[in-house]
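No value in this document is a laboratory result; all are computed from the given coordinates. The structure displayed is predicted, hence computed values, not measured ones. Note: ideal-geometry Cβ built from the backbone for every residue, glycine included; neighbour counts use all protein chains shown.
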Amino acid sequence: MTNSPIALEIEPVGRVVGGRGEAFDDHWGSVEATIELDPERFTPEALAGLEDFSHLEVVYHFHLVPEEKVETGARHPRNRQDWPLVGIFAQRGKNRPNRIGVSRCRLLGVDGLTVRVAGLDAIDGTPVLDIKPYMSEFGPRGDLRQPEWSTELMGEYF
């Protein structure tokens, strides 16, 4: 594997509108927001059939995380010393190397270029890179395993 960086140009498909103005760690489940698609690039046809799904996967950019806050090594999740020191790829924090977030949320409705959602853990103004319908076949197969600290961390997240 080479160490040469690959330059990618990714143009957001839209933006999050509404919901929270600031990121807080917990209680995202009842937060409602919309995703407004870019009308210069898309027509409502791009969302045809999406309303037949109950949930979405949304890929977005943590645009407010400054470069100097990006983590590349290990840290204690939420800076809690009672939780283990784990690598950035063993957690879902926002200070990731490429600042990319992925979230599953409930689809509340589609109207034109507007997608209404609940439980999307992205703040107002967040650039949305992609929207995908959640299909159970893409969910995990087999038994799931995760450490106790992560279950505790997520206890009140949604």
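Points worth noting:
- Flag for L64 being assigned to a loop (DSSP other than H, G, I, E, B) and either buried (at least 17 other Cβ atoms within 10 Å of the Cβ) or touching a residue at least 24 places away in the same chain (Cβ under 8 Å) (or both): yes
- A single member of V110, V58 is in contact (Cβ under 8 Å) with a residue 60 or more places away in the chain, more than 23 Å from W149 (Cβ to Cβ) and out of contact with any Asp or Glu (no Cβ under 7 Å at 6 or more places or on another chain), and it is V58.
- Leading residue by the ranking (nearest to P133 (Cα to Cα)) among those in region 14-69 that are of a type in the set (F, W, Y) and in contact with a Gly (Cβ under 7 Å, 6 or more places away or on another chain): Y60
- So V31, is it under 24 Å from E152 (Cα atoms), touching a residue at least 40 places away in the same chain (Cβ under 8 Å) and β-branched (V, I, T): yes
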